[in-house]
Amino acid sequence: MELQNLKQQDPEIFALISKEAERQNSEIELIASENYASLAVLEALATPLANKYSEGYPGKRYYGGNLVIDDIENIAIARAKELFSAEHVNVQPLSGSPANAAVYMAFLEPGDTILGLKLDHGGHLSHGHPVNFSGRLYNFVQYGVNPETGLIDMAEVRRLALEHQPKMIVAGFSAYSREIDWQAFQDIATEIGAYSFADIAHIAGLIAAGELKNPVPIFDVVSTTTHKTLRGPRGAIIMCKEKYAAQVNRAVFPGMQGGPHDNMTAAKAVAFGEALKPEFKEYSRQVILNAQAMAREFIAKGYKIVSGGTDNHLFIVDFSEREYSGKDAEKKLELAGISVSRSTIPNDPNPPMNPSGIRIGAPAITTRGLKESDAIELVALIIRVIEGDEKEGLVVKEEIKNLCQKFPVYY
Ligand code: DSN
């Protein structure tokens with residue numbers, strides 16, 4: 001890495017950044033929420049835009065000197081609108097949870113009832129977990145997946161919606177591998193007069209590429225992070241119907257946040273520009289093919305996959321019938337140069353810190369160029385590590401390094 005000034009001025013931090021860059025280059029990343037942003041996105045982040053304060057919105061700022069920033073933010077908004085067919089977009093949310101907090105603030109009062117998916121069934125902390133602001137400020141009622149099929153149980157969603165009359169229904173998940181029936185959620189929301197909110201953080205890139213169905217044209221409000229399948233910088237956006245634009249903007253600023261991070265806004269614009277290109281559609285298609293090839297290979301080797309497979313970029317391997325936990329597998333794989341995240345399985349008898357599964361995602365390996373045959377080879381290496389001893393892990397670590405050399409991340 002170049003970073004000449006940093007290297008000279010702060011060799012300690014430079015050395016650690018270089019070490020992490022090397023780790024990313026020589027290890028395999030299977031955490032479903034991670035990806036490698038392009039060098040163009042990273043370059044936009046490391047610019048003097050990081051120096052500016054821009055509270056407010058284009059044309060209506062609380063600080064001078066924002067004419068250039070206005071142009072950048074307007075481009076980011078226009079590109080996001082085109083990508084998702086959105087009526088209104090706010091590109092300022094700093095990350096996923098603050099974006100979701102702003103959504104709740106825009107539409108609800110503390111104490112209001114919301115219907116969301118249980119965390120151990122694939123939901124997200126900000127969808128009502130009791131330790132999270134969402135569970136503390138709002139009255140969350142939670143639906144689950146069908147224990148037999150592992151699929152969202154729309155009959156249960158409707159039953160709970162009719163019983164509890166929530167003011168909002170949340171759809172969109174962190175560890176759910178199947179296509180979501182957005183229209184069915186919208187129909188239930190319409191039936192009871194609730195707001196519909198989709199959190200598409202995990203699958204936004206696949207939706208933007210047209211590989212999965214898009215809730216934006218039908219839902220009231222949709223949030224997404226920008227750094228997962230969308231492959232942009234860390235950050236988030238909120239999309240909504242034009243009639244909700246003012247309340248969503250007010251909730252983001254001044255409701256939740258102060259100044260937007262203008263360097264992130266520029267990097268989001270760059271990523272949206274990339275996602276509008278035909279290559280991004282090919283990339284997204286390959287993400288799904290790689291995830292499906294891996295899930296099939298695990299099943300062929302006798303492993304259980306929640307819901308029996310995947311329609312998107314991720315799947316959950318269920319170790320509940322084996323003698324090790326998701327945490328054990330995560331740890332062993334980490335030592336072998338493979339990053340995964342432990343994951344609960346539906347109705348997990350074990351706690352989230354030591355759950356019964358691992359979540360595997362294909363966005364990052366696909367960015368570095370792996371195809372189905374490479375993904376299948378990876379599954380064999382994963383199985384050798386989780387079934388083998390420490391020595392086998394170290395042997396696999398060398399094989400992983402060799403594989404990674406064939407697929408460099410940046411250089
Ligand atoms: N931490 C992200 C994930 O791994 O799914 C969600 O915020």
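What to note about this one:
- Pair list, Cβ under 8 Å, 6 or more apart: the stretch 242-255 residue under 22 Å from residue 84 (Cα atoms) and of a type in the set (Ser, Thr, Tyr), other residue modelled with pLDDT of 95 or more and surrounded by 14 or more Cβ atoms within 10 Å (Cβ to Cβ): 244/88; 244/106; 244/107; 244/220; 244/221
- Options 42, 16, 67; residue that is under 30 Å from residue 335 (Cα atoms) and either of a type in the set (Asp, Glu) or loosely packed, with under 13 Cβ neighbours inside 10 Å (or both): 16
- For the stretch 320-341, a residue qualifies if it is surrounded by fewer than 22 Cβ atoms within 10 Å (Cβ to Cβ) and assigned to a loop (DSSP other than H, G, I, E, B), and the qualifying residues are 320, 321, 322, 323, 324, 325.
- Considering 74, 35, the condition of being in a helix (DSSP H, G or I) and among the polar types (S, T, N, Q) is satisfied by 74 alone.
- On the stretch given as the stretch 134-157, residues that are touching a residue at least 24 places away in the same chain (Cβ under 8 Å) and more than 14 Å from the ligand (Cβ to nearest atom) total 16.
- Across the stretch 104-133, the qualifying residues are those that are within 16 Å of the ligand (Cβ to nearest atom) and in a loop (DSSP other than H, G, I, E, B), and the one among them that is surrounded by the most Cβ atoms within 10 Å (Cβ to Cβ) is 122.
- Residue pairs meeting the criteria (Cβ under 7 Å; at least 6 apart or on separate chains; first touching a residue at least 60 places away in the same chain (Cβ under 8 Å), in the stretch 392-411; second assigned to a helix (DSSP H, G or I) and exposed (fewer than 13 other Cβ atoms within 10 Å of the Cβ)): 410/39
- Look at (1) surrounded by fewer than 24 Cβ atoms within 10 Å (Cβ to Cβ); (2) in contact (Cβ under 8 Å) with a residue 24 or more places away in the chain; (3) out of contact with any Cys (no Cβ under 9 Å at 6 or more places or on another chain) and you find that residue 220 fails only one, number (3).
- Filter result for the condition that a residue is under 30 Å from residue 53 (Cα atoms) and within 16 Å of the ligand (Cβ to nearest atom), over 171, 86, 99, 76: 99
- Within the stretch 386-406, the set of residues being under 20 Å from residue 367 (Cα atoms) and surrounded by 15 or more Cβ atoms within 10 Å (Cβ to Cβ) comprises 399, 400, 403, 404.
- Flag if residue 93 is within 16 Å of the ligand (Cβ to nearest atom), within 18 Å of the chain's Cα centre (by Cα) and assigned to a helix (DSSP H, G or I): no
- You will find that of 181, 199, the residue that is of a type in the set (Asp, Glu), in contact (Cβ under 8 Å) with a residue 12 or more places away in the chain and within 16 Å of the ligand (Cβ to nearest atom) is 199 and no other.
The values are calculated or read from the model by the stated rules, or taken from the named source; none is laboratory data. Quick caveat: nothing in here was measured; it's all calculated off a predicted structure. Here Cβ is always computed from backbone atoms with ideal geometry, including for glycine, and neighbour counts include all displayed protein chains.
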